[in-house]
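Encoded as structure tokens, the structure appears first; notes follow it.
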Number of protein chains: 4
Amino acid sequence: MTGKTNWDQYHEYEGLDKILTAQKMRSAEEGNPVHDEMLFIIFHQVYELWFKQILFELDDIQRRFSSNVVDDRDMQPILTYLGRIEKIFRNLVGMMDVLETMPPQSFLDFRRYLGTASGFQSWQFRLIELRLGLRREDRIPVFGGEFDEDLRAESRKAFNDAEGSASLYDQIDTWLSRTPFVDWQDYKFTEQYRQAVHNMLDQSAQHGVSADDITRGKAKFESIFDADKHDQAIKDGLWRMSAPALQAALFITIYREEPVLQGPYRLLQHIIDVDALIAQWRYRHALLVQRMVGMGAGTGGSSGYNYLMDTVQKHRIFNDLFSLSSYIIPSDALPALPQQLKDTMTYGYTKAA
Amino acid sequence: MTGKTNWDQYHEYEGLDKILTAQKMRSAEEGNPVHDEMLFIIFHQVYELWFKQILFELDDIQRRFSSNVVDDRDMQPILTYLGRIEKIFRNLVGMMDVLETMPPQSFLDFRRYLGTASGFQSWQFRLIELRLGLRREDRIPVFGGEFDEDLRAESRKAFNDAEGSASLYDQIDTWLSRTPFVDWQDYKFTEQYRQAVHNMLDQSAQHGVSADDITRGKAKFESIFDADKHDQAIKDGLWRMSAPALQAALFITIYREEPVLQGPYRLLQHIIDVDALIAQWRYRHALLVQRMVGMGAGTGGSSGYNYLMDTVQKHRIFNDLFSLSSYIIPSDALPALPQQLKDTMTYGYTKAA
Amino acid sequence: MTGKTNWDQYHEYEGLDKILTAQKMRSAEEGNPVHDEMLFIIFHQVYELWFKQILFELDDIQRRFSSNVVDDRDMQPILTYLGRIEKIFRNLVGMMDVLETMPPQSFLDFRRYLGTASGFQSWQFRLIELRLGLRREDRIPVFGGEFDEDLRAESRKAFNDAEGSASLYDQIDTWLSRTPFVDWQDYKFTEQYRQAVHNMLDQSAQHGVSADDITRGKAKFESIFDADKHDQAIKDGLWRMSAPALQAALFITIYREEPVLQGPYRLLQHIIDVDALIAQWRYRHALLVQRMVGMGAGTGGSSGYNYLMDTVQKHRIFNDLFSLSSYIIPSDALPALPQQLKDTMTYGYTKAA
Amino acid sequence: MTGKTNWDQYHEYEGLDKILTAQKMRSAEEGNPVHDEMLFIIFHQVYELWFKQILFELDDIQRRFSSNVVDDRDMQPILTYLGRIEKIFRNLVGMMDVLETMPPQSFLDFRRYLGTASGFQSWQFRLIELRLGLRREDRIPVFGGEFDEDLRAESRKAFNDAEGSASLYDQIDTWLSRTPFVDWQDYKFTEQYRQAVHNMLDQSAQHGVSADDITRGKAKFESIFDADKHDQAIKDGLWRMSAPALQAALFITIYREEPVLQGPYRLLQHIIDVDALIAQWRYRHALLVQRMVGMGAGTGGSSGYNYLMDTVQKHRIFNDLFSLSSYIIPSDALPALPQQLKDTMTYGYTKAA
């Protein structure tokens, strides 16, 4: 980079020729400049930059998960990048504060120039949803249409690639299902745990819990432990994740202090954090839309607000990891791990010592 | 305070003898201390302190609004205190991050000691709802019961007082309805605005809008302007606020730059901000509950999560102020204000000059 | 925009052809891709977008302040845009969380490709400083050089324009100095206030305050009230703002509830908020640099961290508005305003009524 | 808890009889109620509650670190509790927004009733500083006095206990120093690393780096590697941490992907995060004080603001961990780990397989 000033180098390095000239206010072009249109443009450009960053992180995370065996050393960068995605979404949620300084009147004044362009047309965000694991059939239709019709060619390819390969959801399911410790030599986690649940529930009879409730309690756990019951629960829409994955997630959650499980437990926490942050972002978006254009009160019609509120509840991807919390039992009722299994779940140096 | 050290003075001033001795871990008392119970206790104590502060601010705000005529000088403290309530709720939303560090397993381990106590039993929060204007009949039943049955005597009195007097919602409605400029000498805002809407819609015929749509467009505005249509809309649950209040809020929103309207516009913005923040707080609470105890997946039962999600959508109080955004028309279609009216809406000194 | 899909329209409207292709990882170009370089690039691109937005808001705010008389109706958009700048800086402070997810090792691995480019070379940020009112002579030298040497031509022009016209600081000083109520007909605020200060201090003798302290107390206020003392204080670097501006700012602060002062008081608050947020942003930047590259411990050399810490303390622009807090006296010692002055400071309609 | 309503149970459980009756406004007691005094009281009570929580977390963390060997399973709760302390400090920083809504005039109006009580007298905060490792001799004197003179008896005991035992700083130093892998059988990390540094620097001669700079570069690293040089650096105030601890921290930072180092690396990150957040909190506190009572401009006197700004820079505890960033070398220059060492740093199950 010789011969160039520091300023030139920074300018070129950051691509500022492109970045700082990409704002065209339609209202100004049409001779009626509306001040706040600039904010609207730049706000969404910032979004798109962060979405690109999130996709870039997902590329790396998903590449690491695509191995037959995820290297334990990969857990470190995977957790770092997931933590980064979490921080980015946290920032995206907070950014809404900036756009909310726009008076609805101002939005109305330049809205006519937007054509049909709107924040709903971010293909990068929809690609993030696809890559994370939101399925086509689980989507709320966008104003009656498919979420991806008439896509631009480059986006179409990215969507096809995403749908043609494993989503992060799929990868997590596969990775969890391979957890070796759940079924280790003579140790069968599901048998141990089922027994512990039964013991606990049986003892609750002494505290006045009815036989029916105890039976129901036991049955509930079978939707994780029994393959047929689990299949039925999936058909009923109560679970999405495979039974082996759920069992492993439960095992990891319960025995999270074992060295080999500390990373996987954090991974599950990060997934839960990201899922919850996307949900918060959707909700902030719904509130913003309500503030800017109302919610159709007085008209009875459907609206952007209603669509977004539906996605808040229905476009969650990792609900199953939240639901697992109702399958934990108190610490004093948990079955102990065999010492041999514990040994294999800790570091090599402790055995050497 | 002579004779006391600085430390004593601070300690006494802040009531630390009470504050720092008010934490009794039931799990410890029962011989089975669970570390995270302390966080659960202190977290809710912080909530209750902030709720007390919010009620204290509402006392002052509502006292000022209870006059027949709100002194223009009162606008300054009212806005300051509303801004403060907003910052407090913003903090309450962020605080969820702290409680989310608690593993669901830990919660389960001390949950048995809570009895039926839960965050749902904050009478101060329900009093805030009452004081803001959430009506008894608009509430989602809490697990089948009335929201205030079996209240403690002191809370009962506060609830009765709140229900026996005007809520902030009522006060805002009354205060808006008294806005003198909406109907000033010969000037009638509703007539001017209706005419502007009709002009705008009639012109849209040239851009291919159908006659039916134009008729529907005109009819929509009558739910604000026509007393009978508005009554019907209230019965249909489409509006809650009185027609004169809605008209004034619309007037303030449109002509927000006139000096006498700058404060009232900010007031409406603060109300909208607080309403949206409470909604976000409810949503974060729902996500926290889902994370800690699941959402009943696999059981089909109703749950705390579902109750909270219902309140997110239904326990909004100031929806009407959000909805007004769909009654604004573009700046170039707005009727101009008569100069005489503008003069009376500005400061005395400009006329003197 | 006919014939184009929604996706096309959004893509073109947001300039995504430029925005999403402006990332060139030098490490990749040199055959040694370092994953985290993408974050570094995009992070600064987001910064530059927000800086552009801030400058765009300043354009509008400064245009309104450039009139001989600022229209009272302009107060509304000015406050809105200042509030927006505040929210943007709040977001910039929070964004540091994202970059802090980058391990120092990763930064080191692509740092060699940056040449001399660094965040210190954001001409937009320096232009913001200039536009707000940071003077050339008050700047800490950047590693021994002038802050603007070797600027690119377009930046040079913007810097020259900014230095050749009034900064926001200058405009605020001028605008404050013109406040008519400080010297209104027979009313002289400085005389009234000086008398009130003297009364208060004289009475403090009864509570054991020494004559010397009382004399010193009175003298302190003369640096605002007495032209010569104020000139000396400016030479001593104790004040920057003109005496009439300081007097008006004090007047506004004290009588902030008078309708005509409510907007100006908010303006002062916004300026203070923005100044404090920029300071926080500088401090977060310093902490980030310390985390990424250390602070020269063990070497004794100067460093980016030290430079940034110096700017945290020295590059403040509106310190005087913070300092005014030590010139307020208790409410019960404040002189009352004449009724005639109060009348002129309220709205026209109250006189009409 | 039988016979009690849910409300009673929550009320008792949360100690609300104490919490909600601990606010005594002195201004009201003296017949001159100042509204904002309530905010001042409650704000600090919330602080004290969170400080109690932080101390409670430190109790647990420090108990785990007090073992001769920290159990690898303890890393999980230690990291959880450190993460929680981080979230609490993040919340404390954000809380400043609430207190900043108080006009300086209001503060002045009740400040006279505070006596000498001020936020500077939080013994819990100073105890947190002690427990983390801020040394008596490193403290800025508080207005000329010792930071702990005239302490109340209970606080005195807590301070003595803290000073009489290892601080978290001490414990981290000890724990790092025990890291077995730095000196493992034939492997000597410092020798490997010194060689790598020398190789890297020697090669830099080809890129025009001068012999003097290369010599200086090599010498810099000796302050970590050479015991005498390190002793001198400690005397010069350039380092505080022991050489073995610094070496281990460097080892962990560099080889953070090895399974056994993933937890320790996160631990170092958490410590850095907490240190930086406390620094931010101090800085926000300084800005708040400047806003509320000025900074002595025009008086030349020292002030609360100046004291606080001094603590921002001088009361850092874990600076050494930040400084380590300037001792990292690029990934391609790092010495590889022997396979045997890598094996011992991974999980037992991988060897079994």
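If we only count helices (runs of 4 or more DSSP H) wholly inside segment C:194-284, which ones have 3 or more residues that are closer than 28 Å to C:D74 by Cβ and out of contact with any Ser or Thr (no Cβ under 7 Å at 6 or more places or on another chain)?
Here the list reads C:243-254.
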Within segment A:8-20, residues surrounded by fewer than 18 Cβ atoms within 10 Å (Cβ to Cβ) and either more than 7 Å from chain C (Cβ to nearest Cβ) or of a type in the set (A, V, I, L, M) (or both) come out as A:E12, A:D17
Of these, D:E57, D:E48, which one is modelled with pLDDT of 95 or more and out of contact with any His (no Cβ under 9 Å at 6 or more places or on another chain)? D:E48
Conditions (1) closer than 30 Å to C:A233 by Cβ; (2) hydroxyl-bearing (S, T, Y); (3) at pLDDT below 95; (4) in contact with a helix residue (DSSP H, G or I) (Cβ under 7 Å, 6 or more places away or on another chain) -> D:S326 fails only (1)
Look through A:L324, A:L337, A:L341, A:L308 and report the one residue that is under 29 Å from the mean Cα position of the chain (by Cα) and either within 15 Å of A:L261 (Cβ to Cβ) or β-branched (V, I, T) (or both). A:L324
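How many residues, within segment C:161-187, are exposed (fewer than 13 other Cβ atoms within 10 Å of the Cβ) and at negative phi? Please lay out each step first, then the result.
The initial filter retains those residues of segment C:161-187 that are exposed (fewer than 13 other Cβ atoms within 10 Å of the Cβ), namely C:161, C:164-165, C:185-186.
From what's left, at negative phi: C:161, C:164-165, C:186.
Number satisfying all stated conditions: 4.
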List the residue pairs whose Cβ atoms are under 7 Å apart, where the first residue sits in segment B:27-45 and is free of Cβ contacts under 8 Å to residues at least 12 places away in the same chain, the second is part of a helix (DSSP H, G or I), and the two are 6 or more positions apart or on different chains. B:P33/B:S27
Name the residues in segment A:27-51 that are surrounded by fewer than 20 Cβ atoms within 10 Å (Cβ to Cβ) and charged (D, E, K, R), would you? A:E29, A:E30
Being modelled with pLDDT of 95 or more, within 9 Å of another protein chain (Cβ to nearest Cβ) and within 22 Å of the chain's Cα centre (by Cα): is that true of A:L39 here? no
Taking segment D:143-189 and keeping residues within 14 Å of another protein chain (Cβ to nearest Cβ), assigned to a helix (DSSP H, G or I), of a type in the set (D, E) and in contact with a helix residue (DSSP H, G or I) (Cβ under 6 Å, 6 or more places away or on another chain) leaves none
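Do we find that B:P259 is touching a Pro at 6+ places or on another chain (Cβ under 8 Å) and either more than 9 Å from every other protein chain (Cβ to nearest Cβ) or surrounded by 18 or more Cβ atoms within 10 Å (Cβ to Cβ) (or both) in this structure?
For B:P259, the condition - touching a Pro at 6+ places or on another chain (Cβ under 8 Å) and either more than 9 Å from every other protein chain (Cβ to nearest Cβ) or surrounded by 18 or more Cβ atoms within 10 Å (Cβ to Cβ) (or both) - is met.
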Among (1) among the polar types (S, T, N, Q); (2) surrounded by fewer than 16 Cβ atoms within 10 Å (Cβ to Cβ); (3) in contact with a Gly (Cβ under 8 Å, 6 or more places away or on another chain), there is one condition C:T346 misses while meeting the rest; what is its number? (2)
Hey, D:K24 hits all of (1) surrounded by 16 or more Cβ atoms within 10 Å (Cβ to Cβ); (2) facing another protein chain (nearest Cβ under 9 Å); (3) without any contact (Cβ under 8 Å) to a residue 40 or more places away in the chain; (4) not polar (S, T, N, Q) but one; which does it fall short on? (1)
Just give me the residues in segment D:80-91 being among the hydrophobic types (A, V, I, L, M, F, W, C) and within 14 Å of chain C (Cβ to nearest Cβ), in sequence order. D:F89
Which one of these does C:M295 not meet: (1) at pLDDT 95 or above; (2) surrounded by 21 or more Cβ atoms within 10 Å (Cβ to Cβ); (3) within 10 Å of chain D (Cβ to nearest Cβ)? (1)
Selection from segment B:72-87 of residues charged (D, E, K, R), under 12 Å from B:V274 (Cα atoms) and touching a residue at least 24 places away in the same chain (Cβ under 8 Å) yields B:R84, B:E86
Is it the case that B:Y113 is within 10 Å of chain D (Cβ to nearest Cβ) and in a helix (DSSP H, G or I)? yes
Going through D:M1, D:M95 one at a time, which residue ends up being modelled with pLDDT under 95, closer than 20 Å to B:F40 by Cα and either surrounded by fewer than 20 Cβ atoms within 10 Å (Cβ to Cβ) or at the interface with chain B (Cβ under 7 Å from one of its Cβ atoms) (or both)? D:M1
From the list B:Q313, B:Q280, B:Q269, which one is closer than 30 Å to C:K342 by Cβ, within 11 Å of chain A (Cβ to nearest Cβ) and within 16 Å of the chain's Cα centre (by Cα)? B:Q269
B:L55 being more than 30 Å from D:D59 (Cβ to Cβ), surrounded by fewer than 20 Cβ atoms within 10 Å (Cβ to Cβ) and out of contact with any strand residue (DSSP E or B) (no Cβ under 6 Å at 6 or more places or on another chain): yes
When the residues of segment A:52-64 are narrowed to those that are more than 9 Å from chain C (Cβ to nearest Cβ) and in contact (Cβ under 8 Å) with a residue 60 or more places away in the chain, which ends up nearest to A:M95 (Cα to Cα)? A:I54
Tally time: how many residues in segment D:131-142 are part of a helix (DSSP H, G or I) and either at pLDDT below 90 or touching a His at 6+ places or on another chain (Cβ under 8 Å) (or both)? 1
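The values are calculated or read from the model by the stated rules, or taken from the named source; none is laboratory data. Keep in mind that what you see is a predicted model, and the values were worked out from it rather than measured. A quick note on method: Cβ atoms are made from the backbone with ideal geometry, for glycine too, and the neighbour counts reach across all protein chains shown.
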